[in-house]
Amino acid sequence: MCGEAIVRASEGGERMIDEDDLKREYLREWDAKYMTTFRFLDLLQRGVYGINAGREALVELCGDEYMQKMTFESYLYKKLADGNRWEDGKMVMNTIGSLIRCNLVGRDMEIFGKRLLA
């Protein structure tokens with residue numbers, strides 16, 4: 001993607017480019033393509049991974065075959081995978097259930113909220 005942006009900005013090698021050209025071409029394109037995914041991952045990092053109950057819930061969820069498939073496709077293609085609406089709904093319900101069973105909802109919710117806002 002960066003190489004393609006360099007070729008476009010340099011007009012096929014006819015013009016010398018600088019950092020501003022890459023910011024306009026490459027970073028704009030990268031942000032448009034990947035920013036949603038990385039914001040979601042940042043939310044997980046701040047809100048779930050930093051709390052023991054959140055890590056326990058995540059481990060529990062990783063046993064689900066659909067969750068594994070969606071995670072693999074998201075990492076493989078570097079974008080949030082398009083899923084089956086019905087299965088996505090079930091995954092949300094399973095996530096809520098795991099968070100409740102691991103005591104993230106309730107007792108640790110204040111910590112969870114603070115991490116998300118940090």
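A count restricted to segment 18-40 and to residues that are closer than 30 Å to ARG101 by Cβ and either surrounded by fewer than 15 Cβ atoms within 10 Å (Cβ to Cβ) or touching a strand residue (DSSP E or B) at 6+ places or on another chain (Cβ under 8 Å) (or both) stands at 4. The number of residues in segment 4-26 that are within 25 Å of the chain's Cα centre (by Cα) and either modelled with pLDDT under 85 or at positive phi (or both) comes to 4. Inside segment 69-98, can you point out the residues that are polar (S, T, N, Q) and more than 20 Å from GLU29 (Cα to Cα)? Matches in segment 69-98: THR71, ASN84, ASN94, THR95, SER98. Determine whether ARG55 is basic (Lys, Arg), surrounded by 12 or more Cβ atoms within 10 Å (Cβ to Cβ), at pLDDT below 85 and closer than 19 Å to MET93 by Cα. It is true that ARG55 is basic (Lys, Arg), surrounded by 12 or more Cβ atoms within 10 Å (Cβ to Cβ), at pLDDT below 85 and closer than 19 Å to MET93 by Cα.
Just one of the listed residues (ARG28, ARG55, ARG24) is within 24 Å of LYS79 (Cα to Cα) and in contact with a helix residue (DSSP H, G or I) (Cβ under 7 Å, 6 or more places away or on another chain), namely ARG55.
Take the conditions (1) assigned to a loop (DSSP other than H, G, I, E, B); (2) at pLDDT below 75; ARG115 misses just one of them, which is (1). Residues of segment 58-68 that are surrounded by fewer than 14 Cβ atoms within 10 Å (Cβ to Cβ) and farther than 19 Å from ILE100 by Cα: GLU65, GLN68.
The values are calculated or read from the model by the stated rules, or taken from the named source; none is laboratory data. The structure presented is a predicted model; accordingly, all values stated were derived computationally and were not measured. Neighbour counts are summed over all protein chains in view; Cβ atoms, including those assigned to glycine, are modelled from backbone coordinates with ideal geometry.
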